[in-house]
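Structure record follows, encoded as structure tokens.
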Amino acid sequence: MDPAVLTLIVLGVAAFFFVTELIPLAVTAMGASIALGLLGVLTPKQVFSGLSNSTVVLFAGMFVIGAAMFQTGLAQRIGITVVHAAGTGEKRLMAAIMIVTIILSSVSSNTATVACLLPVVVQICAVARLAVSPQLMALAVAANVGGTVTMIGTPPNILMSATLSASGLQPFGFFEFAWIGIPLSIAGVIYMLTIGRRLCPHGHIDSNLSDLTSDLPKDTRKMAICAIILILVVVAMALSKTINVPMQTAAIIGALACVITGCLSEKQAYGGIDWTTIFLFAGMLPLAEAMDKTGAGAMIANGVVGIIGSNSSPLIIVMALFLLSCGLTQFMSNTAAAALLAPIGISIAQSIGVSPFPVLMAIGIAASCAFTTPVATPPNTLILGPGKFHFMDYVKVGLPLVLVSMIVCTVIIPLVWPF
């Protein structure tokens, strides 16, 4: 059987188990990769390549740093400070968290931003006696939309500019994405403060965490050391290309520094890693690679384009490509989805005689609208365990937000980048 068809079958089975959760999500993810290996779609090396992926290594390092923030009491201190500044109201806290996250995600990795802020948000909720799930969902949403504000905020943005340049066209400017990124971010905040938070589970109030952290050591020296390590890691990640230090290297160095300086023990460092997240993400990466390499993703794309037809109105094509890019990114890397659709978008634009800029902008932004599954983007995966989310929680919150995002994009994109 054709490898692309086999990949689509495995994807369909995995999607079924993701939705029903008949077996654990991490088992489903790893099982999908192993199945592709047994079917001959992936080599044995490719099946487990996700475990050595740089993002997985980044996860592990930041989990350890997050654990150190709890063990030293730094997260509790930050939580109390934010509670005093923003108050204990659910909406005010959510707004404050999202604004900070959007700003950080616009100029640095949204994955690193969530990894750094996640323990802080959990502690804020413990101090304020609030359900942690809505706040964590807001954190992930803010990280995803915040990355659309600048060219370096998320890989699809860089890819769209690179595709234009490779086609002999003027690439998007650094802040040009802000024309759509800022309105999208505002829409995301308003949505979570009104509709989104009501769709999140509210039963998870981590009172045990609050009791636990009240007994943590309050060694101000270790708090200061942990804070310095965190700040240096974040700065190193933001300047990773300038100083030539990969983000995952900065994260691991920070994790090692936390253990060496006594902010937490080696055993506590191992215990601080969310292994469900590690294996879930590591299992999905080979599946995403298979969709890209076998042409399964292209098969989906070409099928959709064939249905709408190349003679349709530009706005219809943009909406279709937005939905296609957004749909693919829920189960495969947003970078891979964007890379798959970018050349198709340019070809369609040229064939119907319209500007490729609005088409590529729609594809790139849609690839970051990864709201509806826990495996759609690393920020979604990171909050899965701490928020005690189920697969359908992402669907309930994410689907309306995808619709809101599409409306914002279809209104603003043609105004800024005319067809």
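The values are calculated or read from the model by the stated rules, or taken from the named source; none is laboratory data. Just so we're clear, the structure is a prediction, and the values are computed from it rather than from any experiment. Reconstructed Cβ throughout: ideal geometry from the backbone, glycine too, with neighbour counts over all protein chains shown. Quick note on the areas: whole protein, heavy atoms, side chains included, nothing else; ligands and nucleic acids left out. Shrake-Rupley method; radii C 1.70, N 1.55, O 1.52, S 1.80 Å.
Of note:
- In segment 61-78, the qualifying residues are those that are assigned to a helix (DSSP H, G or I) and out of contact with any Gly (no Cβ under 9 Å at 6 or more places or on another chain), and the one that is surrounded by the fewest Cβ atoms within 10 Å (Cβ to Cβ) is Arg77.
- Selected residue (only one of Val375, Val354, Val359 is of a type in the set (Val, Ile, Thr) and closer than 27 Å to Thr276 by Cα): Val375
- When segment 14-47 is filtered for residues that are outside any helix (DSSP H, G or I), open to solvent by 70 Å² or more (accessible area, probe 1.4 Å) and modelled with pLDDT of 90 or more, only Leu39 remains.
- Segment 246-277, subset open to solvent by less than 40 Å² (accessible area, probe 1.4 Å) and in a loop (DSSP other than H, G, I, E, B), residue farthest from Gly66 (Cα to Cα): Gly262
- Criterion applied to Leu58, Leu6, Leu51, Leu11 was being out of contact with any Lys or Arg (no Cβ under 6 Å at 6 or more places or on another chain), modelled with pLDDT of 90 or more and not in a loop (DSSP other than H, G, I, E, B), and the one residue passing it is Leu6.
- Test for Thr81: is it open to solvent by 40 Å² or more (accessible area, probe 1.4 Å), in a loop (DSSP other than H, G, I, E, B), more than 28 Å from Phe177 (Cα to Cα) and out of contact with any strand residue (DSSP E or B) (no Cβ under 9 Å at 6 or more places or on another chain): no
- Leading residue by the ranking (surrounded by the fewest Cβ atoms within 10 Å (Cβ to Cβ)) among those in segment 374-394 that are touching a residue at least 60 places away in the same chain (Cβ under 8 Å) and among the aliphatic types (A, V, I, L, M): Met392
- Across segment 162-178, the qualifying residues are those that are of a type in the set (A, V, I, L, M, F, W, C) and under 15 Å from Gly147 (Cβ atoms), and the one among them that is modelled with the lowest pLDDT is Phe174.
- Against the test of being of a type in the set (Gly, Ala, Ser) and closer than 20 Å to Gly146 by Cβ, the options Ala75, Ala67, Ala95, Ala85 yield a single qualifying residue, Ala95.
- Checked against the criterion of being in a helix (DSSP H, G or I), more than 30 Å from Cys125 (Cβ to Cβ) and free of Cβ contacts under 8 Å to residues at least 24 places away in the same chain, the candidates Ile344, Ile316 yield just one match: Ile316.
- Qualifying positions in segment 350-371 - β-branched (Val, Ile, Thr) and surrounded by fewer than 24 Cβ atoms within 10 Å (Cβ to Cβ): Ile352, Val354
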